[in-house]
Structure formats: structure tokens, C-alpha cells
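First the structure, in the form of C-alpha cells, and then the observations on it.
Each value in this text was obtained by applying a stated rule to the coordinates, not by laboratory testing. No experiment lies behind these values; they were computed from the predicted model shown. Methodologically, a virtual Cβ is constructed for each residue, glycine included, from the backbone with ideal geometry; neighbour enumeration extends over all protein chains shown.
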Amino acid sequence: MDRQSLYLALERYLHALAQRDASAIEWASKALTSENNVMLPIGEGLWGTIERMGDYQLRFADPSTRQVGYFGTVHEAIEESAFSLRLKFDADGRVVEAESVVVRQSDSGIKFENPRYWDKPILNANVLDGSPRAEMIRLSNGYFDTLQLNDGTIHTRFHPDCQRVENGVQTTRNPDFGKIVPVAALGCEEQFRMGNYRYDDRLRGRRFPMVDEERGLVLAFGFIDHSGRLAEYQLTDGRTVRSPVRRPHSFYLAELFKIDGGAICQIEANFITVPYYMPSPWDAL
């Protein structure tokens, strides 16, 4: 399947989802579907509650593995939620895998005030100076290495203008959000150089199933484990700060990295709270 075929297949899937009609999809005989890190029977979960798709729509594709990805939003009865989707097809164009994340803030355990969802031209643009597939994955994995037990050491490369959006909120260079979470006023590399995320004990279960080489995008999934044991810690500038995390839990995340010129330029992440050390059903496959 080429890029256009993958996008058409994605549109058919999204249309069927909006119509709550899973029977309109041609599923492979042993198709697997998950929502929020739980395997579900076909047609369960969001298929039964969606009212409509949201306006924000980001598509990307990996023709070499017959996969297509999507970041957007969905409307249910209570709220609009950030939504990530990965679809994989067999050689006959049937859906083999459907992995989704729905960030329902009413029950996700994470409450970001005033999320908004907007188009980011950098994510839709083709790369000017592309990196090999393996290097793109290495840089993305290096981001996770940098985040895990963050002590100021950088294991990847950041573009000077790198930005990050999490669950519909810009969490870098955002002075307004910085009034609530001071670290959000800083840039990507600056946040990590200060060791702000020392309380992230593990970045576990890392998977990099999709790489859109034309657009410079890597889709990753994984878990951030928080033991909650750390009460306070020292930043690299000498200040002592209190940890905002004081209970055991994990984040299950879908994270998209834009890489151009050998550096991470933009990050988009959707994540939810799950039980501490929760495994991925995809790891057992």
C-alpha cells in the first residue's frame, strides 16, 4: 500500500468509527484492537460512544510497514478528548492492528486546564534534511533516555526551536502555563538540562512501530513509571525542588517526534494514567 492508499483506508476507518459501525471495516481474521492499553473485542469502547470526530486531524504514514497514524480529537457525550490511532494492514488491505489512545480527562487521572487542538505546519511538512530510519528511531529513543531519571544529561539532539504539546497543551515556551507549572516556560532542551524530570523512574515498554520517512515523523508508544518515592531533588542549577509525583502510577503514552536536520523539532504526545507497572498487551505478541 502506498501513502495515498493508506490515507484512504484511514478515512474509511474514521468514517466507520464516527458512524459507530465496525462492520463497515474489512478486518483480518485475527485482527487485534486496543483502546487505552487494553485489548477489546472489535466494536467495543469508543465505537459505542463516539458522537463525532473533532476538527484537529493529523495524518502520517509508513508505507514500508503498511501502517498509518492519526492524531486528532473525538467527541463523546461528556467531553472532547485527544485521540491517537495506529492502523496496520495486511497485503490485502484488511485491518490487522488498531491501537488507540483516548485521553478522557474526566477519568484519565490527568487534568490539563484549557486544552486546545490546532494544526502545526511543521508536522505536515516534508523534511528538508532527512535522516535514515534507524537514526530517527535512535534520536526518539534518546529522548526517552533523557527523560528517564532525568539528571541533566542529553541523549538526543534538540532543535533550538523545539516545541512539545501534551494532551492538547503546549508544555514548552508557554509562559501562561508556566504560571501553573514553571518548567513549561522553558524550551525542550533547557527543561532537560536542568534535570526537572528526575521523578520519572523508568521509560519502559518502548515501541517504535511507525516511521514516516518523508515527513520525518516517528510514532512511539511506552510507559513512564512513577514510584512516588522521591520527595525532593536538586536541579542542576543547585535549587532543591519538591517532586509533584508522590504516588505509584504509570503513564501510557503515544508520542510523535518530528525530526529534521538530525534533531527533534516538535513533539506531540497523548497519554493517560494507568496502574503502576501495567504491561502492554502488544509486548506479548
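Listing for the model above:
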read-out	value
Nearest-0.05 FRET efficiency for Ala284 and Val241, computed from C-beta distance (R0 30 Å)	0.20
Potential extension, Asp145-Ala91 segment - 0.36 nm per residue separation minus Cα distance	15.9 nm
Partnerless Cys - the chain, beta-carbon criterion under 4.7 Å	Cys265
Cα centroid of the stretch 222-242 to Cα centroid of the stretch 1-53, whole Å	39
Top positive-direction residue, dipole computed over the stretch 3-103 with Cβ charges, set Ala77, Ile50, Asn37	Asn37
Whether the stretch 199-285 is rounded, prolate or oblate, judged on the alpha carbon gyration tensor where a/c under 1.5 counts as rounded	oblate
Segment His75-Lys179, extension gain: residue separation times 0.36 nm, minus the distance between their alpha carbons	34.5 nm
Packing-based order for 235-241, 123-129, 274-280, 210-216, using average beta carbon neighbours within 10 Å, highest first	210-216, 274-280, 123-129, 235-241
Label-to-label distance, nm, for residues given as Glu190 and Ala24 (7 Å Cα→Cβ offset)	4.7
Dipole of the stretch 126-285 [Lys/Arg +1, Asp/Glu -1 at C-beta], most positive-end residue of Cys265, Ile224, Leu285	Ile224
Candidates per trypsin sites (Lys or Arg not before Pro) in the stretch 149-208, loop by DSSP, up to 10 other Cβ within 10 Å	Lys179
Net charge of neighbours whose Cβ lies under 15 Å from the Cβ of Trp27, counting Lys and Arg as +1 and Asp and Glu as -1	-2
Simple Cβ-charge dipole of the chain, Lys/Arg +1 and Asp/Glu -1, about Cα centre, in debye nearest 20	600
Gain in span if fully extended, Asn124 to Thr49, counting 0.36 nm per residue against the direct Cα distance	24.1 nm
